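Asker: Sharing a structure below in structure tokens format, with a few things to ask.
The values are calculated or read from the model by the stated rules, or taken from the named source; none is laboratory data. These figures come from a predicted structure and were not determined experimentally. Backbone-built Cβ (ideal geometry, glycine too); neighbour counts: all protein chains shown. In case anyone asks, the SASA skips ligands and DNA or RNA and just uses the protein heavy atoms, side chains included. Shrake-Rupley method; radii C 1.70, N 1.55, O 1.52, S 1.80 Å.
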Amino acid sequence: IRSIDVGNAYLESLLDVPLAMELPPEPGQPRRVVILQKSLYGLKQAGELWNKHFDKIMKSLHFHRCHSDPCVYHKTTDEGKLIVGVYVDDLLVVSSNLDLAKRFEEDLAKHVQKLTIKGNAEGFIGLEISRDRARRTITVSQPQYIQDMIHDAGLDNTSPKTTPASVSNDLNKAPRGSDGPMRDVVGKIRYLVDHTRPEALYIASQLSSA
């Protein structure tokens, strides 16, 4: 399990339409307008252009895009199987063969200008990955994500409970406040439920219905 970071990913893509940009004014200089050759960060279509560009790269390397999840690519060869998860410019590579994974890293480096090979993956989009090779186990957890969520909610001084949810509380009768912070908290809890903490499903459903 290895991780890769594509540096300046949005700058890799060619524009799909002609686009002009006015440069910031400088004292004593006339107004300057340039025609962009490639995408830039801040363009509304930058993310889509990078997605299409990366998709072309993966297909040129004989990867197949997963129908149920377009952020996952897979390839099977005589040497083994390779699965690549994509989150914007971060890649998680899972391979049955280390040489196959390293060859993919070399091939990908030929198509992008800046590539950072992080080696064995220790985390990915809020997930922490640990391996015990002696026991042949892989553990995925989110302790730092949980601590950050507690801090952002201003609950650093609260005490942990064995049973943190009370079935007798009717949240619909609670004083109403802004919906914004609640949506944010519920979304973060749902992210935990979907990945590492299914036991929090009850409280997530209670908060969602309030």
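Asker: Classify the stretch 1-84: rounded, prolate or oblate, from the alpha-carbon gyration tensor (a ≥ b ≥ c, eigenvalue square roots; a/c under 1.5 rounded; otherwise prolate if a/b is larger than b/c)? Write down the numbers at each step before the final one.
Answerer: Numbers: a/c = 3.73, a/b = 3.00, b/c = 1.24.
Judged from the Cα gyration tensor, the stretch 1-84 comes out prolate (a/c at least 1.5, a/b above b/c).
Asker: If you take the C-alpha gyration tensor of the chain, multiply each eigenvalue by 5 and take the square root, what semi-axes do you get, largest first, in whole Å? Kindly include the intermediate steps, with their values, before the conclusion.
Answerer: Working: eigenvalues 293, 176, 48 Å².
Working through the eigenvalues yields semi-axes of 38, 30, 15 Å.
Asker: Given R₀ = 35 Å, FRET efficiency for residue 94-residue 48 by Cβ-Cβ distance, to 0.05?
Answerer: Values: r = 26 Å, r/R0 = 0.74.
Step by step, r from the Cβ atoms, then E = 0.85.
Asker: OK, next. How high is the relative contact order of the chain, in percent, with contacts defined as C-alpha pairs under 8 Å that are six or more residues apart? Could you put the intermediate results ahead of the total?
Answerer: Working: 238 pairs, mean separation 37.5, N = 210.
Once divided by the residue count of the chain, the mean separation gives 18 percent.
Asker: Which percent of the accessible area of the stretch 1-107 is formed by carbon and sulfur heavy atoms (probe 1.4 angstrom)? Intermediate values should be presented prior to the final figure.
Answerer: On the way: 3670 of 6660 Å².
Ligands and nucleic acids excluded, carbon and sulfur give 55 percent.
Asker: Amide H to amide H, which residues 5 or more places from residue 196 or on other chains are under 5 Å from it, using H placed in the peptide plane?
Answerer: Those qualifying (amide H under 5 Å, at least 5 residues apart or on another chain) number zero.
Asker: Which whole-Hz ³J(HN,Hα) couplings does the stretch 14-24 yield from phi under the Karplus relation 6.51 cos²θ - 1.76 cosθ + 1.60, θ = phi - 60°, glycine and proline marked x?
Answerer: After applying 6.51 cos²θ - 1.76 cosθ + 1.60, I find 7, 6, 8, 9, x, 9, 9, 9, 8, 6, x Hz.
Asker: Sticking with this structure for a sec: So with the 1.4 Å probe, I'd like the accessible area per residue for the chain, rounded to whole Å².
Answerer: Details: 14540 Å² over 210 residues.
Solvent-accessible surface per residue comes out at 69 Å².
Asker: Still on this structure, I have one more. Please report the net charge: other residues with Cβ closer than 14 Å to the Cβ of residue 197, K and R +1, D and E -1. Don't jump to the answer; show the numbers that get you there.
Answerer: Numbers: positive: 188, 190; negative: 128, 194, 199.
With Lys, Arg at +1 and Asp, Glu at -1, the net is -1.
Asker: Could I have the simple spin-label model distance between residue 38 and residue 77, label points 7 Å from Cα toward Cβ, reported in nm to one decimal?
Answerer: Output for this residue pair reads 2.6 nm.
Asker: Expected output is a single nm value to one decimal: the length gained when fully extending between residue 208 and residue 153, i.e. 0.36 nm times separation in residues minus the C-alpha distance. What is it? Numbers along the way, then the final one.
Answerer: Details: separation 55, 0.36 × 55 = 19.80 nm, distance 1.66 nm.
Answer, rounded to one decimal: 18.1 nm.
Asker: Between residue 133 and residue 16, how high is the FRET efficiency from 1/(1 + (r/R0)^6) when r is the Cβ-Cβ distance and R₀ = 45 Å? Nearest 0.05.
Answerer: Details: r = 46 Å, r/R0 = 1.02.
That gives a FRET efficiency of 0.45.
Asker: Still on this structure: Could you give the length gained on full extension between residue 64 and residue 162, defined as 0.36 nm per residue of separation minus the Cα-Cα distance, in nm? Provide the component values of the computation, followed by the final result.
Answerer: On the way: separation 98, 0.36 × 98 = 35.28 nm, distance 4.52 nm.
Computed gain between residue 64 and residue 162 is 30.8 nm.
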